[in-house]
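Novice: Sharing a structure below in structure tokens format, with a few things to ask.
The values are calculated or read from the model by the stated rules, or taken from the named source; none is laboratory data. Every value quoted in this text rests on a predicted model; they were computed, and no experiment measured them. Note: ideal-geometry Cβ built from the backbone for every residue, glycine included; neighbour counts use all protein chains shown. The accessibility values were calculated without ligands, DNA or RNA, using every heavy atom of the protein model including side chains. Shrake-Rupley method; radii C 1.70, N 1.55, O 1.52, S 1.80 Å.
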Amino acid sequence: MTKYNTAKTLGFFWKHVKKYKLIASIIVLCIFIGISASMVTPFLYKNFFNIMVGTGDKEVLYKSLITIIFYVLGINIVEWIVWRVSGALNTYFQPKIISNILNECFEYLHGHSYSFFNDNFTGALLKRVSRMGHAFENTCDRVSWDLIPLAIRVVGTLCVLFYLHYLLGLAMLVWVVVFIAIAYALSMYKLKFNIKKSEADTKVTAVLADTISNNINIKLFSGFNYEQARFGEATESWFRKTKKSFDIDVIIEAFQGAFMIAIDLLILYIAVILWRKNLLTVGDFVLIQAYLLEIFLQLWNFGRVIRSLYEHLANADEMTEILNKPYEVKDKMNAKMLDVSIGKIEFKNVNFSYDDGAEIMNDLSFEVKPGEKIALIGPSGGGKSTIVKLLLRLYNLKKGDIFIDGQNIADVTQDSLRQAIALVPQDPILFHRTLMDNIRYGKRNATEAEVIEAAKLAHAHEFVSKFKAGYESFVGERGIKLSGGERQRVAIARAILANPKILILDEATSQLDSESELFIKEALKVLMAGKTSFVIAHRLSTIMQMDRIFVIENGRIAEQGTHKTLLEKDGGIYKKLWDLQVNGFIKQIEEGEEECDENKSIITQKPEDLT
């Protein structure tokens with residue numbers, strides 16, 4: 001699986017590199033010219049030293065030496081130019097591709113389903129996207145500035161050694177093949193430990209992000225020591241896996257060092273024998289040592305480069321899995337835009353269960369007329385919210401169909417479906433942006449005047465006006481700077497601005513004080529006018545005026561009707577719930593009054609009566 005994901009990651013990178021083939025080709029060509037030019041220099045130094053130790057007319061020798069110096073200068077100028085060109089091109093090449101990679105990761109990540117985000121930590125997903133960009137940068141650097149130069153230098157060095165004497169070339173060829181094969185095998189062995197280290201690092205980030213987002217819970221429940229211990233377990237696991245990875249590095253480098261000492265002595269020994277037979281000159285020794293030092297430097301880094309390369313590919317492994325994970329909910333090929341004219345909704349024989357197999361709905365069918373106001377009530381876990389999620393197509397149905405104005409929602413684009421529906425959730429989550437931006441999210445081309453008008457209808461304008469920056473005030477991450485009621489009013493303003501044909505209110509007034517609730521109810525009447533609406537509520541007093549009330553129990557409609565007709569049904573679920581809420585509330589008031597009277601009588605008694 002690791003090799004599969006590594007190949008997938010490299011394929012993903014190559015897909016983006018191919019878009020800039022010309023720039024990539026010029027960079028590689030510049031690297032080839034630069035490395036090749038640098039490998040000519042030792043030949044010049046060989047001739048330089050042979051001339052210096054030679055005999056003859058000093059002036060002639062002097063002119064030859066000066067000529068070689070000019071050749072060296074020319075080669076250095078060529079090197080300087082090609083390296084500057086490659087560096088300048090790379091400043092565009094790498095950042096542009098990284099930007100494209102991050103954009104694709106963003107696009108594909110957000111295409112995943114509602115359940116996908118429920119199953120993954122926010123911090124972990126952020127880490128995975130970030131690592132993909134860093135992985136490409138590192139991979140590109142290692143290939144461009146390490147592996148390609150190494151290949152050129154190894155081939156060049158082997159050609160020179162074979163040119164000097166086949167024994168030198170043969171010894172070096174065998175050594176290079178064995179060295180690279182063992183270094184690569186060890187690097188691949190280490191890869192699995194790199195992946196474990198990467199997973200542990202992701203876990204550390206996920207735990208940290210979870211504690212930061214729940215900081216208030218840690219404070220309220222005095223959970224610091226507990227959370228510190230959990231974080232400590234995560235960092236300890238990361239430490240053990242990182243140490244294991246580092247230990248393997250040390251062993252590999254020890255092998256490399258011993259191997260290089262052996263070949264260096266072997267090449268020198270062969271060279272001395274050849275010198276003894278007058279087959280090599282002093283200049284040849286200089287040439288051999290220059291090449292050996294350079295190739296040793298490159299090969300010493302080879303293992304480290306390969307390990308670094310695969311470590312970063314391992315870091316990208318988790319994001320690659322996400323990029324290759326099929327969408328659970330996706331548009332059909334050539335899906336059409338949803339056209340909502342009247343807002344008629346129909347559920348036909350809908351069956352649904354979550355991945356754990358627990359059946360939520362079984363053969364659920366109902367029809368909602370255009371503009372009808374439907375209340376969904378019932379015990380928690382009965383299926384009220386699931387109906388809404390299925391209507392928004394956050395999940396795929398196991399069986400059955402849902403229609404809006406006669407169009408199957410499985411045949412239309414998800415974007416057009418959700419643009420036709422506005423949801424005001426129980427606990428709205430806002431962007432860490434301005435109030436203007438958050439309200440305008442319901443209609444992103446809305447004018448400032450339209451935003452303010454929507455805020456006034458939602459009774460959000462009153463509290464917004466109190467802020468120093470007004471509508472340009474930032475609300476904090478997830479809207480943390482606002483109270484629950486203020487967040488709900490912003491969400492209602494956003495829905496008013498969107499003005500869709502279908503509206504869903506999920507306990508939309510649950511976090512408002514009594515005074516604000518009266519205002520909001522009036523705003524919601526305006527908002528719901530002419531719209532097909534679903535209202536999820538636990539407080540039955542808020543849904544008395546609905547056209548129909550669905551009592552949802554065990555994924556089915558146990559009862560339906562108006563408030564009045566449901567109260568007339570003896571033994572009905574709705575009537576029981578109503579009696580519990582209304583009569584229970586009255587009983588609490590009466591018990592409170594009795595307790596007050598009792599306390600009052602105790603207070604008015606004389607001390608001696610109490611004894």
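Novice: Out of (1) surrounded by fewer than 18 Cβ atoms within 10 Å (Cβ to Cβ); (2) free of Cβ contacts under 8 Å to residues at least 24 places away in the same chain, what's the single condition that is false for TYR184?
Specialist: (2)
Novice: Here's another thing I want to ask about it. Might you let me know whether the range 218-226 holds any residue that is assigned to a helix (DSSP H, G or I), within 24 Å of the chain's Cα centre (by Cα) and surrounded by 13 or more Cβ atoms within 10 Å (Cβ to Cβ)?
Specialist: No: zero hits.
Novice: All but one of (1) under 20 Å from LEU293 (Cα atoms); (2) open to solvent by 40 Å² or more (accessible area, probe 1.4 Å); (3) not β-branched (Val, Ile, Thr) hold for ALA229; which doesn't?
Specialist: All conditions pass for ALA229, except number (1).
Novice: Are any of the residues in the range 299-315 more than 30 Å from ARG418 (Cα to Cα) and open to solvent by 70 Å² or more (accessible area, probe 1.4 Å)?
Specialist: Yes: one or more hits.
Novice: While we're here: Please determine, by comparing only the residues of the range 538-552 that are open to solvent by less than 50 Å² (accessible area, probe 1.4 Å) and part of a helix (DSSP H, G or I), which one is modelled with the lowest pLDDT.
Specialist: Filtering first and then ranking leaves THR542.
Novice: Taking LYS190, is it open to solvent by 20 Å² or more (accessible area, probe 1.4 Å), touching a residue at least 24 places away in the same chain (Cβ under 8 Å) and charged (D, E, K, R)? Give the derivation first.
Specialist: Details: open to solvent by 20 Å² or more (accessible area, probe 1.4 Å): no; touching a residue at least 24 places away in the same chain (Cβ under 8 Å): yes; charged (D, E, K, R): yes.
No; evaluated as a whole, the condition is false for this residue.
Per-residue answers, yes or no, for (1) acidic (Asp, Glu); (2) touching a strand residue (DSSP E or B) at 6+ places or on another chain (Cβ under 7 Å); (3) modelled with pLDDT of 80 or more; (4) under 24 Å from LEU280 (Cα atoms):
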{"position": "THR9", "(1), (2), (3), (4)": "no, no, yes, no"}
{"position": "TYR20", "(1), (2), (3), (4)": "no, no, yes, no"}
{"position": "ILE26", "(1), (2), (3), (4)": "no, no, yes, no"}
{"position": "CYS30", "(1), (2), (3), (4)": "no, no, yes, no"}
{"position": "GLY34", "(1), (2), (3), (4)": "no, no, yes, no"}
{"position": "ALA37", "(1), (2), (3), (4)": "no, no, yes, yes"}
{"position": "ASN50", "(1), (2), (3), (4)": "no, no, no, yes"}
{"position": "GLY54", "(1), (2), (3), (4)": "no, no, no, yes"}
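Novice: Looking at (1) over 28 Å from ILE97 (Cβ atoms); (2) surrounded by fewer than 16 Cβ atoms within 10 Å (Cβ to Cβ); (3) of a type in the set (Phe, Trp, Tyr), find the lone condition where PHE49 falls short.
Specialist: (2)
Novice: Output the residues belonging to the range 416-453 that are among the small types (Gly, Ala, Ser) and more than 28 Å from ALA335 (Cβ to Cβ).
Specialist: ALA449
Novice: Looking at PHE246, PHE259, PHE239, can you tell me which residue is open to solvent by less than 80 Å² (accessible area, probe 1.4 Å) and either assigned to a helix (DSSP H, G or I) or in contact with a strand residue (DSSP E or B) (Cβ under 6 Å, 6 or more places away or on another chain) (or both)?
Specialist: After applying the criteria, what remains is PHE259.
Novice: Then there's this: Kindly list, by first and then second residue, each pair from a residue in the range 366-389 that is free of Cβ contacts under 8 Å to residues at least 40 places away in the same chain to a residue that is open to solvent by less than 10 Å² (accessible area, probe 1.4 Å) and not aliphatic (A, V, I, L, M), limited to pairs with Cβ atoms under 7 Å and residues at least 6 apart or on different chains.
Specialist: Correct list of pairs: empty, since none qualify.
Listed here are the residues, each with its yes/no results for (1) open to solvent by less than 30 Å² (accessible area, probe 1.4 Å); (2) not in a helix (DSSP H, G or I).
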{"site": "LYS21", "(1), (2)": "no, no"}
{"site": "VAL28", "(1), (2)": "no, no"}
{"site": "GLY56", "(1), (2)": "no, yes"}
{"site": "TYR108", "(1), (2)": "no, no"}
{"site": "PHE116", "(1), (2)": "yes, no"}
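Novice: Now for a different question. Would the range 388-405 turn up any residue that is of a type in the set (D, E, K, R), under 35 Å from the mean Cα position of the chain (by Cα), open to solvent by 30 Å² or more (accessible area, probe 1.4 Å) and farther than 25 Å from ASP547 by Cα?
Specialist: Yes, the range 388-405 contains at least one residue that is of a type in the set (D, E, K, R), under 35 Å from the mean Cα position of the chain (by Cα), open to solvent by 30 Å² or more (accessible area, probe 1.4 Å) and farther than 25 Å from ASP547 by Cα.
Novice: Sticking with this one: Hey, LYS197 hits all of (1) buried (at least 19 other Cβ atoms within 10 Å of the Cβ); (2) under 18 Å from the mean Cα position of the chain (by Cα) but one; which does it fall short on?
Specialist: (2)
Novice: Every residue in the range 396-407 that is in contact with a strand residue (DSSP E or B) (Cβ under 7 Å, 6 or more places away or on another chain) and of a type outside the set (D, E, K, R), please. Let's see the steps before the verdict.
Specialist: Keep residues of the range 396-407 that are in contact with a strand residue (DSSP E or B) (Cβ under 7 Å, 6 or more places away or on another chain), which gives 397-404.
Scanning the range 396-407 gives LEU397, GLY400, ILE402, PHE403, ILE404.
Novice: Can I ask one more? Among the residues of the range 70-80, is any open to solvent by less than 80 Å² (accessible area, probe 1.4 Å), modelled with pLDDT under 90, part of a helix (DSSP H, G or I) and among the hydrophobic types (A, V, I, L, M, F, W, C)?
Specialist: The answer is yes; a qualifying residue exists.
Novice: Can you find, within the range 136-177, the residue that is least open to solvent (accessible area, probe 1.4 Å) among those that are without any contact (Cβ under 8 Å) to a residue 12 or more places away in the chain and under 22 Å from TYR269 (Cβ atoms)?
Specialist: Top of the filtered list is GLY169.
Novice: Next question, about the same structure. Can you tell me which residues in the range 436-468 are open to solvent by 20 Å² or more (accessible area, probe 1.4 Å) and in contact (Cβ under 8 Å) with a residue 12 or more places away in the chain?
Specialist: ARG440, TYR441, GLY442, LYS443, GLU448, GLU450, ILE452, LEU457, HIS459, PHE467
Novice: Scan the range 553-575 residue by residue and report those that are open to solvent by 30 Å² or more (accessible area, probe 1.4 Å) and either at pLDDT below 85 or not hydrophobic (A, V, I, L, M, F, W, C) (or both).
Specialist: Scanning the range 553-575 gives GLU553, ASN554, ARG556, GLN560, THR562, LYS564, THR565, GLU568, LYS569, ASP570, GLY571, LYS575.
Novice: Residue check: is TYR291 assigned to a helix (DSSP H, G or I), more than 30 Å from VAL204 (Cα to Cα), hydroxyl-bearing (Ser, Thr, Tyr) and in contact (Cβ under 8 Å) with a residue 40 or more places away in the chain?
Specialist: On the way: assigned to a helix (DSSP H, G or I): yes; more than 30 Å from VAL204 (Cα to Cα): yes; hydroxyl-bearing (Ser, Thr, Tyr): yes; in contact (Cβ under 8 Å) with a residue 40 or more places away in the chain: yes.
Here the answer is yes, as TYR291 does meet what is asked.
Novice: Could you grab me the full set of residues in the range 318-333 that are part of a loop (DSSP other than H, G, I, E, B), of a type outside the set (Phe, Trp, Tyr) and open to solvent by 30 Å² or more (accessible area, probe 1.4 Å)? Walk me through how you get there before you give the answer.
Specialist: The initial filter retains those residues of the range 318-333 that are part of a loop (DSSP other than H, G, I, E, B), namely 324-333.
So of that shortlist, the ones also of a type outside the set (Phe, Trp, Tyr) come out as 324-326, 328-333.
Passing the criteria: ASN324, LYS325, PRO326, GLU328, LYS330, ASP331, LYS332, MET333.
Novice: Does ALA523 satisfy being open to solvent by less than 20 Å² (accessible area, probe 1.4 Å), closer than 20 Å to LEU392 by Cα and assigned to a helix (DSSP H, G or I)?
Specialist: The answer is no for ALA523.
Novice: For the range 206-217, give me each residue that is in a helix (DSSP H, G or I) and surrounded by fewer than 20 Cβ atoms within 10 Å (Cβ to Cβ).
Specialist: ALA206, LEU208, ALA209, ASP210, THR211, ILE212, SER213, ASN215, ILE216, ASN217
Novice: Which condition breaks for LEU292 when tested against (1) more than 28 Å from GLU199 (Cα to Cα); (2) within 57 Å of the chain's Cα centre (by Cα); (3) open to solvent by 60 Å² or more (accessible area, probe 1.4 Å)?
Specialist: (3)
Novice: For the range 263-285, give me each residue that is open to solvent by less than 70 Å² (accessible area, probe 1.4 Å), assigned to a helix (DSSP H, G or I) and in contact (Cβ under 8 Å) with a residue 40 or more places away in the chain.
Specialist: Within the range 263-285, ILE263, ILE267, ILE270, ALA271, LEU274, GLY283, ASP284 qualify.
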